[in-house]
Amino acid sequence: MAPPAGGQEAAAPQRQQQQGFGSSITGIIRIAVFWYFASKFFSPKKPTEPALQISNLFNKGETLDMWVYLSEYEKFNDFGNEEALIWHEASIPYAVWGSESTRSLSLSYTPSEALKHNGTLYAHVFFARSGYPPDPSDPEYQPLAAFGRTHPIVTYLPKSKASKKRSLLGDSDSKGSEESEQVSEETDESQIDAKDDGPTEWISYWKPNITINLVDDFSRYSQNAAPPNVAPYLNVEPTTGNYYPTIFFNEFWLLREKYIPLNETVTELPLNLEVGPISMTKWQLFLQIDQSFQLHRSYGSMIEGEADELKRVFLEGNPYLLMITMLVSLLHSVFDFLAFKNDIQFWNKNKSMEGLSAKTVVVSFVSQLIVFLYLLDNDTSWMILGSSGIGCCIEFWKIGKAMHIEVDRSGRIPMLRFRDRESYAGNKTKEYDDMAMKYLSYLLFFLVACSSIYSLKYERHRSWYSWILSSLTSCVYMFGFIMMCPQLFINYKLKSVAHLPWRQMTYKFLNTIIDDLFAFVIKMPMLHRLSVFRDDLIFLIYIYQRWIYPVDKKRVNEFGFGGEDDDQAATDTAVVTAEKAEEKKTN
């Protein structure tokens, strides 16, 4: 039954009234939101209260007195102990650069029995305005006039584990066993095998140098917004909110080799003390470099000891020689990149193996694989392993360009089979390559056998596998240049060098010259220094062959084209251009 018409007319005004009320509420909300954002962005800003600033409690040039105490406890309050006081200086000008603000002292310290048995020792350094004492129990003590800091003189490092290397043939006499013990004792801490079971043994080391620096910093910082690189080192006075001068124990140039191990046989220990100012920039630079070293060690891109080696270069090296070395290193990296790029381009576009030694490519891959396995066996950092692994992959890719690689599935285990390309086997190149490798392999095998026997008899290795890898790697490093000789023989027989990637070889030759420069700059054994010049002879022979052998227009280049093809293409292009010009004239 339909509703009456009057009911419909009465319900319509009610619905309109409800819709009108909802629209009003929506409009009010929209106006409120609009007013909020308008007042937020367009209303005049109220003046903000200035943030509280903190500053240095001391003035530049103000004279300070210094006390240095040694104690086996981290907390120190025995200011009346004259035996603990090892150094006192008066009237040191604060943040003044000159001889009067730098003081030094050298002394000998007699360690206690507790210190010899993994004990601890701290240096407590106190500064105060001249005339004021550092002892809080003194009646003339002023909290705003004295400050100090504690620094450990003894550090703890993991003990070097015994080397796993041994003579695979056994020590035949006592002299050999003594040498084995010496090798075990001289194992570097960076070679600690983390896979060994059992707790790590720690021993204590004495720091012979203590450099106390007062940072030249008079900056004003916000009370709760100090820079993150400065805030951890600020010593803030709680009542005033200002900060004391920052005491920095500078150990940046203290190398680990200077540490002295503590044991029962130690009777006297040297201690060199120095106090002086340091600029804010230099202080932050030291902190940033140390943090960078720690970050690289955590990522595995730097092993223990490499940071000290880098510091030693700056300590012992000539500044001008260092600049030249950095410039030459940059050039070496650039030439390495260019040689790598052109090598990839050459093999990517190469269509013919005529005149190129395929066996040299295979031997290069085997040599790169041996070096990669050797680095993997010696726990090298992952960055070096990654670089060597990429080099192995590239060398294997080059084998695919030089030869046909097929997968033989006829047996139970799929095997890779290598087949010569037609451009290599169908001419004299393969014959000359086989001839050169035949005689060079005799020489190479003889050298490998002699080197391996010498290594087995007089050197120590962790296992037979390590001996094989180290022997092969030594042969790769020492006799790898012999593998470049087959290409020289092929060039001599073919009386041509047009097939060689000369652009890539030019960059490699420039890198060889840079390596010669490094041989005179960097300290290295004489035999290794002489081995640096081995590649120079090969490259000089290449250059001599390029000079005496004329350009053969009939021989194909690295892209599979010959000189006559280029001439014919140029002639055809000229004919087509002439015909088009004639057609334009006719039209």
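Brief remarks on what is shown
- Evaluated over segment 384-466, the count of Lys pairs having alpha-carbon atoms less than 29 Å apart is 8 (only pairs 8 or more residues apart or interchain).
- When MET326, MET403, MET353 are compared by accessible surface with a 1.4 Å probe, the order from highest to lowest is MET326, MET403, MET353.
- Sorted largest first by accessible area at a 1.4 angstrom probe radius, with every protein chain in place, the residues TRP382, TRP347, TRP467 fall in the order TRP382, TRP467, TRP347.
- Only protein heavy atoms count here; under a 1.4 Å probe, LYS341 has an accessible surface of about 70 Å².
- Label-point separation in nm, LEU416 to GLU309, each point 7 Å along Cα→Cβ: 3.2 nm
- Solvent-accessible surface (1.4 angstrom probe) belonging to TYR374, in square angstrom, nearest 10: 70 Å²
- Ranked by solvent-accessible area (1.4 Å probe, protein heavy atoms only, all chains present), the residues ARG421, ARG412 order from largest to smallest as ARG412, ARG421.
- The heavy atoms of HIS296 offer some 80 square angstrom of accessible surface to a 1.4 angstrom probe.
The values are calculated or read from the model by the stated rules, or taken from the named source; none is laboratory data. The model shown is predicted, which means the values in this text are computed figures rather than measured ones. We place every Cβ from the backbone using ideal geometry, glycine too, and count neighbours over all the protein chains shown. Side chains are part of the model used for accessible areas, which takes the heavy atoms of the whole protein and leaves out ligands, DNA and RNA. Shrake-Rupley method; radii C 1.70, N 1.55, O 1.52, S 1.80 Å.
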